[in-house]
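**Student:** Dumping the structure here so I can ask a few things about it.
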Amino acid sequence: MHAKVGGDPWFVALVDRFYATVADDPRLRPLYPEDLTESKAHFAGFLIQYWGGPDTYSQQRGHPRLRMRHAPFAIGQVERDAWFEAIDGAVRSGGLSDDDIATFLAYFDMAATAMINQPA
Ligand code: HEM
């Protein structure tokens with residue numbers, strides 16, 4: 001999928017759109033650091049690697065261990081849904097075919113639910 005959608009620049013732009021929404025969302029903004037530069041770089045690097053591009057993310061940060069890395073943040077259903085809405089919008093505005101949009105959204109839906117670490 002990495003090459004098909006346009007390589008690193010497509011993922012960097014996806015993450016830029018995602019974080020523009022995060023920065024404006026009162027449910028999400030407090031969870032993130034003031035400066036989002038590193039957050040963007042890590043998320044883009046992770047997605048590039050996950051979807052078949054270069055593995056620079058793990059060379060720099062090691063195994064993703066996403067649940068462990070999210071343990072410091074209280075993620076309940078509200079935060080999960082806010083996060084998914086933000087990535088949903090970013091994916092849908094990425095110029096992909098309906099099939100490719102569905103592929104990404106199925107993954108993000110599953111992954112976001114897996115990150116919940118607070119009881120309902
Ligand atoms: C379910 C709601 C989620 C919330 C509220 C959330 C929130 C966060 C926060 C607060 C950070 C730390 C940012 C920083 O310190 O710069 C982070 C990092 C990260 N998140 Fe999420 N996240 C969620 C789901 C996900 C999902 C589903 C993925 C992957 C598909 C993901 C991928 C990442 C990555 C790769 C990092 C950087 C990890 C690193 O330090 O290398 N997150 N997230």
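**Student:** Every residue in segment 20-37 that is within 13 Å of the chain's Cα centre (by Cα) and under 15 Å from Asp81 (Cα atoms), please.
**Tutor:** Thr21, Val22, Leu28, listed by residue number.
**Student:** Which residue out of Ala3, Ala74 is more than 13 Å from the chain's Cα centre (by Cα) and either within 12 Å of the ligand (Cβ to nearest atom) or hydroxyl-bearing (Ser, Thr, Tyr) (or both)?
**Tutor:** Ala74
**Student:** Continuing with the same structure: Would you pick out the residues in segment 41-66 that are touching a Ser or Thr at 6+ places or on another chain (Cβ under 8 Å) and buried (at least 16 other Cβ atoms within 10 Å of the Cβ)?
**Tutor:** Matches in segment 41-66: Gly45, Ile48, Gln49.
**Student:** Output the qualifying pairs, or none if there are none: Cβ atoms under 8 angstrom, residues six or more apart or on different chains, first residue in segment 40-62 and more than 18 Å from Val22 (Cα to Cα), second residue aromatic (Phe, Trp, Tyr) and more than 9 Å from the ligand (Cβ to nearest atom).
**Tutor:** Every condition considered, the pairs that remain are Ile48/Phe11; Trp51/Phe11; Gly53/Phe11.
**Student:** Now, a different point. Can Gly95 be described as over 15 Å from the mean Cα position of the chain (by Cα) and either open to solvent by less than 50 Å² (accessible area, probe 1.4 Å) or of a type in the set (Val, Ile, Thr) (or both)?
**Tutor:** no
**Student:** Do any residues in segment 95-109 that are within 14 Å of Trp51 (Cβ to Cβ) have Cβ atoms under 7 Å from those of residues that are open to solvent by 60 Å² or more (accessible area, probe 1.4 Å) and part of a helix (DSSP H, G or I), where the two are at least six apart or on different chains, and which pairs are they?
**Tutor:** Close Cβ pairs (under 7 Å, with a partner that is open to solvent by 60 Å² or more (accessible area, probe 1.4 Å) and part of a helix (DSSP H, G or I)) amount to Ile101/Arg92.
**Student:** Kindly indicate the residue of segment 17-30 that is of a type in the set (A, V, I, L, M) and buried (at least 17 other Cβ atoms within 10 Å of the Cβ) and also farthest from Gly6 (Cα to Cα) among those meeting that condition. Walk me through how you get there before you give the answer.
**Tutor:** The initial filter retains those residues of segment 17-30 that are of a type in the set (A, V, I, L, M), namely 20, 22-23, 28.
Now drop any that are not buried (at least 17 other Cβ atoms within 10 Å of the Cβ), which leaves 22, 28.
Values: Val22: 24, Leu28: 28 Å.
So the residue we want is Leu28.
**Student:** Could you please find all residues in segment 86-100 being under 18 Å from Asp16 (Cβ atoms) and not small (Gly, Ala, Ser)?
**Tutor:** Correct list: Ile87, Asp88, Val91, Arg92, Leu96.
**Student:** Sticking with this one: Give me the pairs: first residue in segment 1-20 and closer than 13 Å to Pro54 by Cα, second residue among the charged types (D, E, K, R), beta-carbon distance under 9 Å, and six or more apart or on different chains, which are they?
**Tutor:** Final answer for the pair search is Met1/Asp100; His2/Asp8.
The values are calculated or read from the model by the stated rules, or taken from the named source; none is laboratory data. Everything numeric in this text was worked out from a predicted model, so none of it was measured. Because the Cβ atoms are built from the backbone with ideal geometry, glycine has one as well, and the counts that use them run over all protein chains shown. For the accessible areas, the whole protein counts, side chains as well, though only heavy atoms, and no ligand, DNA or RNA atoms are used. Shrake-Rupley method; radii C 1.70, N 1.55, O 1.52, S 1.80 Å.
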